[in-house]
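Okay, so here's the structure we're looking at.
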Amino acid sequence: MSPLRITYLALAIWGAIHPMYYFITWFNENGYSLMAMVDAWHVNAATSGLVWDLTIAATALTIWIIAEVMARRNWLALIAIPATFCIGVSCGLPLYLFLRTRPVT
């Protein structure tokens, strides 16, 4: 595996673990309510801006993944979409890049 692919994989793992630590900490302190978390994301203009920034980035990434999968027939790369929306762009983007850069057989 190339150093670039190892870097993408490491970033995907980090992007899954690090944000999840904060989500789990928040849930443990505030209860397991997804709607309460969404409300917390919109507590002020700065956090709302960040939520919209990440939502737009996730949407653009999803469109790119679908377009590339249709062209390259790399169906495995579709797993980056649920990773993006269930974990975050910090996991989905490097995971997709890792899957996209695998050697074609």
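Quick check: is even one residue across segment 94-102 assigned to a helix (DSSP H, G or I) and of a type in the set (S, T, N, Q)? Break it down into steps so the answer makes sense when it comes.
In the first step, residues of segment 94-102 are kept if they are assigned to a helix (DSSP H, G or I); the result is 94-100.
Still in the list and also of a type in the set (S, T, N, Q): none.
No, because not a single residue in segment 94-102 is assigned to a helix (DSSP H, G or I) and of a type in the set (S, T, N, Q).
In this structure, does Val89 turn out to be surrounded by 13 or more Cβ atoms within 10 Å (Cβ to Cβ) and within 18 Å of the chain's Cα centre (by Cα)?
Numbers: surrounded by 13 or more Cβ atoms within 10 Å (Cβ to Cβ): yes; within 18 Å of the chain's Cα centre (by Cα): yes.
Judged against the criteria, Val89 is a match.
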Next item on the list: Give segment 52-76 a look and list any residue that's small (Gly, Ala, Ser) and at pLDDT below 95, or say none.
Entry: Ala71
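The values are calculated or read from the model by the stated rules, or taken from the named source; none is laboratory data. Everything numeric in this text was worked out from a predicted model, so none of it was measured. Here Cβ is always computed from backbone atoms with ideal geometry, including for glycine, and neighbour counts include all displayed protein chains.
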